[in-house]
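Down below is the structure, laid out as structure tokens.
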Amino acid sequence: MTTFRSAEVVSPRGPLNVVDRVLPEPGPGEVRVAVQACGICHSDSLFVEGAWPGVRFPVTPGHEIAGYIDAIGDGVKRWHPGDRVAIGWSGGYCGSCRSCRRGDFVLCEDGTITGGTTPGGYADYVLAHASALARIPEGLSVVDAAPLACAGVTMFNSLRRTGAGPGDLVAILGIGGLGHLGIQFAVKMGFRTVAIARGSEKGVLARELGAHHYIDSTASDVAAELQKLGGARVIQATATNSDAVSAAAAGLGPNGELITLAAVVDPVHVSPAHLISISGTVHGHPGGASPDVEDTLDFAALQGIKPMVEVLPLEMAAEGYQRMMANQARFRVVLTTTN
């Protein structure tokens, strides 16, 4: 009987313990992926703490997975053992529900959530539906690919679906796990990029990442500074403070879009009068499905976009998780295996 390691939580807010599980065989339409790297995301806490509806314990978190296909189930086409793949939040889609028939795969009514409703990547191996797979391009390491499968696709996919064009002003609010990638994507996509964060020291990092402008929210009125630059065509709000998001909203310019990307429950306050005067919008964006992840990986490999990570072995999953939840990591902890 072959076993593998899995870091699991058996009850809400319980500790992460590495246990041995029997290696499963992939069913119809599934593949088994040998995990080589898995990023730890703040949203993993939704499942570890039992805050997501329908979560069943034990839970193996992890939806930023990179590795290679180890085995293939019946009916799987165009994938082969040895193929390098990444898996993000979307654990696959049905292809036949109302959302899927309209191409909104990430909103699939019968889809699964990797590391939430199905076991995730804090493990040596994971089963996944073939529709969850994104191919990792040559030249991109698994350690870099893993965070791009969630944090990366969230920033890249939400920005490319806006109405912004080359040279438009794009602001990234917050320089963290999402924001530090958002700055890189915005610059490489040809936008005039503004980074916004707390403290002058963050300006050095923002410039290193390629930002054309930096606004210290502790020293300036963010909205006023954005308006001096002509008003933002897009604000990607990754900050976890809803007041900071509210304060930036007045910095939108004509046809401006405020995109809320951090899973914050506190409301954001936006002036309807301002939105009307600029024909502005406020909306969220749920990351992306596997085709979007693959586009993100391809673009990152082409443009040399890399996440800033701390690497820990799988057996230190509990320590890595605590570092991420306490905001002590810069900017992603990535667990690695010996696969």
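The values are calculated or read from the model by the stated rules, or taken from the named source; none is laboratory data. Only a predicted model underlies this, so the values are computations on that prediction, with no experimental measurement involved. All Cβ positions, glycine included, derive from the backbone under ideal geometry; neighbour counts span all protein chains shown. Only protein heavy atoms, including side chains, enter the accessible area calculation; ligands, DNA and RNA are left aside. Shrake-Rupley method; radii C 1.70, N 1.55, O 1.52, S 1.80 Å.
Here's the yes/no breakdown for (1) open to solvent by 30 Å² or more (accessible area, probe 1.4 Å); (2) assigned to a strand (DSSP E or B):
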| residue | (1), (2) |
| --- | --- |
| Gly14 | no, no |
| Glu25 | yes, no |
| Val35 | no, yes |
| Trp52 | yes, no |
Segment 84-98, subset open to solvent by less than 60 Å² (accessible area, probe 1.4 Å) and more than 22 Å from the chain's Cα centre (by Cα), residue modelled with the lowest pLDDT: Gly95
Looking at segment 148-171, is at least one residue in a strand (DSSP E or B), at pLDDT 95 or above and more than 30 Å from Asp216 (Cβ to Cβ)? no
For segment 287-331, enumerate the residues that are farther than 20 Å from Gly177 by Cβ, open to solvent by 60 Å² or more (accessible area, probe 1.4 Å) and touching a strand residue (DSSP E or B) at 6+ places or on another chain (Cβ under 7 Å). Glu315
Residues being assigned to a loop (DSSP other than H, G, I, E, B), of a type outside the set (A, V, I, L, M, F, W, C), open to solvent by less than 50 Å² (accessible area, probe 1.4 Å) and out of contact with any helix residue (DSSP H, G or I) (no Cβ under 6 Å at 6 or more places or on another chain): count how many of those fall in segment 256-286. 1
Check whether at least one residue in segment 197-207 is at pLDDT 95 or above, in contact with a Leu (Cβ under 9 Å, 6 or more places away or on another chain) and over 24 Å from Arg78 (Cβ atoms), and report yes or no. yes
Inspect all residues belonging to segment 135-153 and state whether any of them is within 18 Å of Leu258 (Cβ to Cβ) and touching a residue at least 12 places away in the same chain (Cβ under 8 Å). no
Of everything in segment 223-255, what is aliphatic (A, V, I, L, M), surrounded by fewer than 24 Cβ atoms within 10 Å (Cβ to Cβ) and under 17 Å from Gly176 (Cβ atoms)? Give them in sequence order. Ala244
Identify the residue in segment 183-218 that is surrounded by 21 or more Cβ atoms within 10 Å (Cβ to Cβ) and touching a residue at least 60 places away in the same chain (Cβ under 8 Å) and, among all such residues, is nearest to Ile259 (Cα to Cα). Phe185
Among (1) touching an Asp or Glu at 6+ places or on another chain (Cβ under 8 Å); (2) of a type outside the set (A, V, I, L, M, F, W, C); (3) farther than 18 Å from Arg330 by Cβ, where does Ser200 come up short? (3)
Would you please name the residue that is farthest from Ala263 (Cα to Cα), looking only at residues in segment 316-337 that are part of a helix (DSSP H, G or I) and charged (D, E, K, R)? Glu319
